[in-house]
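The values are calculated or read from the model by the stated rules, or taken from the named source; none is laboratory data. Predicted model only: the values in this text are computed from it and were never measured. Methodologically, a virtual Cβ is constructed for each residue, glycine included, from the backbone with ideal geometry; neighbour enumeration extends over all protein chains shown. Accessible surface areas use protein heavy atoms only, side chains included; no ligands, DNA or RNA. Shrake-Rupley method; radii C 1.70, N 1.55, O 1.52, S 1.80 Å.
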Amino acid sequence: MSDFDELYQEIILDHYRRPRGAARLDEVPEGEIHENPTCGDSLKLKVEFGPDGRIARVLHESRGCAISVASASMLTGAVAGLVPAEALSLAGEVEAALRGEGDDPRGFLEGNGELAALAGVAAFPARVKCASLAWRALESALAPPPGTDRGS
Ligand code: ZN
């Protein structure tokens, strides 16, 4: 294992032990729980907006493996201050990079702060769903239901 990988492992464990944005979200209905049955991860997520329409903060209630919890924790920092369209586009790029798609998936994650710690995940297909769970939950929280147009 390289020094870089050890550093990434440390970052992931730190987020797992002290997840940013962790909260009890009893108000989120059971039907909106996102699950990754292959690993047993589950997650509720809530987006709060500021008066300017930007994402003020993201809260999540995560149960699962270190990768899924750490990814949700990193997400909260990565999308704070973005408008929904920017956050959606980031989520799409992160998911693609986790799957190892694109010109330089590793470079993309490594250029995005602590998300760099997820760069090794693409090598482990079983872990990709763990790392993607929070980002998919964010997309479903932000994406307008079909047939509606709320501008943006
Ligand atoms: Zn998992």
Exercise. Which whole-Hz ³J(HN,Hα) couplings does region 135-143 yield from phi under the Karplus relation 6.51 cos²θ - 1.76 cosθ + 1.60, θ = phi - 60°, glycine and proline marked x?
Worked result: 6, 5, 5, 4, 4, 6, 6, 9, 5
Problem set entry | Karplus-derived HN-Hα couplings along region 29-38 (A = 6.51, B = -1.76, C = 1.60, θ = phi - 60°), whole Hz, x at Gly and Pro | x, 3, x, 9, 7, 9, 10, 10, x, 5
Problem set entry | Order by protection proxy (mean Cβ within 10 Å, highest first), peptides 130-137, 112-119, 67-74 | 67-74, 130-137, 112-119
Problem set entry | Of all accessible heavy-atom area on the chain, the percent that carbon and sulfur account for (1.4 Å) | 52 percent
For this session: Report the net charge of residues surrounding GLY100, where surrounding means a beta-carbon distance below 15 angstrom and charges are Lys +1, Arg +1, Asp -1, Glu -1.
Result: -2
Exercise. Using a simple charge model, +1 on the beta-carbon of Lys and Arg, -1 on the beta-carbon of Asp and Glu, nothing else, what dipole does region 19-59 show about its Cα centre, in debye to the nearest 20?
Worked result: 260 debye
For this session: Out of all DSSP beta bridges with both ends in the chain, state the antiparallel percent to the nearest 5.
Result: 90 percent
Exercise. Between ALA22 and residues 5 or more places away or on another chain, which pairs have amide H atoms under 5 Å apart, with H built 1.01 Å from N, and which residues are they?
Worked result: HIS60
For this session: Leaving out ligands and nucleic acids, note down the accessible area per residue over region 3-142 with a 1.4 angstrom probe, in whole Å².
Result: 50 Å²
Exercise. With a sphere of radius 15 Å drawn around the Cβ of VAL121, what net charge do the other residues whose Cβ falls strictly inside it have (Lys, Arg +1; Asp, Glu -1)?
Worked result: -2
Seminar exercise, completed: Phi angles of region 125-130, converted by Karplus (6.51 cos²θ - 1.76 cosθ + 1.60, θ = phi - 60°) into ³J(HN,Hα) in whole Hz with x for Gly and Pro, give x, 5, 8, 4, 5, 4
